[in-house]
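Throughout, read-outs are computed from the coordinates displayed, never taken from laboratory work. What you see is a predicted model, and the numbers here were worked out from it, not measured in a lab. Counting neighbours? That spans all protein chains shown, and the Cβs are built from the backbone with ideal geometry, glycine included.
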Amino acid sequence: MPTNEETNLVPGRSCGPCTACCVFLRIDEDSLRKIEDDPCPNLAADGLCRIYEHRPATCRTFYCEWRYLRQLGDEWRPDLSKIMLRSHSGKSGGIIMQPLESPREVLTSRLALSLVASCISNAIPVYISIPTRPGHTHALVGLNKRLAQPVRARKLDLARKLMLATIDYAGKLTTETIAPLAD
Ligand code: SF4
Ligand code: SF4
């Protein structure tokens with residue numbers, strides 16, 4: 001019996017070798033506690049979960065947006081694009097772009113900028129999530145206003161320049177310390 005989350009997944013699409021959420025997720029359950037952005041101790045070298053049948057609810061219920069949005073092509077699988085897309089839980093919704101490698105490289109690719117342009121053109125809020133100081137949460141910065149002008153004018157170079165400036169700005173923001181895990 002599929003879970004509520006599984007009902008909406010793109011049919012026939014699977015995670016394959018991607019394990020991005022086994023690093024990204026914060027898990028704070030009796031059976032497993034790990035902070036965000038930390039590889040899970042149950043993730044084996046071959047990319048398989050050592051406790052798959054008994055994995056925590058956090059893992060069972062999380063899917064990135066690539067698993068939900070059929071308009072995203074195979075190139076958007078997170079281990080290929082190096083960007084994990086997740087939904088923004090705020091009132092206006094939207095998409096968060098979570099770089100898995102150097103933000104300055106992966107978020108300025110043609111693929112990344114084309115998604116940003118598409119979101120802005122369709123009035124979908126789009127954000128980047130950028131690492132700050134060690135031990136602190138990522139900074140979340142919206143792109144819709146910041147990159148509106150180059151998107152309207154179809155100026156890729158300017159969009160890239162503004163994305164780089166936004167990444168640098170976000171990386172210097174003061175964010176909250178990562179909350180401690182339960183004992
Ligand atoms: S318990 Fe398994 S599925 Fe959950 S994060 Fe760890 S390796 Fe991934
Ligand atoms: S990040 Fe997405 S594609 Fe990758 S393992 Fe998690 S749910 Fe699957």
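Some points to look at:
- Interchain or long-range residues, amide H under 5 Å from LEU100's placed H: ILE83, MET84
- Equivalent ellipsoid semi-axes - Cα gyration tensor, the chain, angstrom: 29, 20, 14
- Separation of alpha-carbon centers, segment 54-103 and segment 114-172, rounded to whole Å: 17 Å
- Taking θ as phi - 60° and the Karplus parameters 6.51, -1.76 and 1.60, the scalar couplings of segment 61-78 work out to 9, 8, 9, 6, 5, 4, 6, 9, 9, 5, 6, 7, x, 4, 5, 8, 4, x Hz in sequence order, x denoting glycine and proline.
- Reduced Cα scattering model of segment 1-81, Debye log10 I(q)/I(0), q = 0.11, 0.13, 0.23 Å⁻¹: -0.30, -0.42, -1.25
- Comparing ASP46, ASP28, ASP37 in a Gaussian network model of the chain (Cα springs below 10 Å), the most mobile by mean-square fluctuation is ASP46.
- Rg/Rh for segment 82-183 stands at 0.99; both radii use Cα atoms, and Rh follows the Kirkwood definition.
- Equivalent-ellipsoid semi-axes for segment 131-177 (Cα gyration tensor, √(5λ), whole Å, largest first): 26, 9, 6.
- Segment 39-137, Cα convex hull volume normalised per residue, Å³: 143 Å³
- Zone residues, segment 3-23, relative to ILE51, backbone N less than 15 Å from point 7 Å out along Cα-to-Cβ: 22-23
- C-alpha long axis of helix 110-121 to longest principal axis of the chain, angle in °: 70 degrees
- When each of LYS82/LYS172; LYS34/LYS161; LYS91/LYS155 is checked by Cα-Cα distance, pairs over 25 Å: LYS34/LYS161; LYS91/LYS155
- Segment 1-132, relative contact order [Cα under 8 Å, separation at least 6], %: 18 percent
- Between helix 156-171 and the chain there is an angle of about 50 degrees, using the helix long axis and the longest principal axis of the Cα atoms.
- Label-to-label distance, nm, for residues given as ASP183 and ARG154 (7 Å Cα→Cβ offset): 6.3 nm
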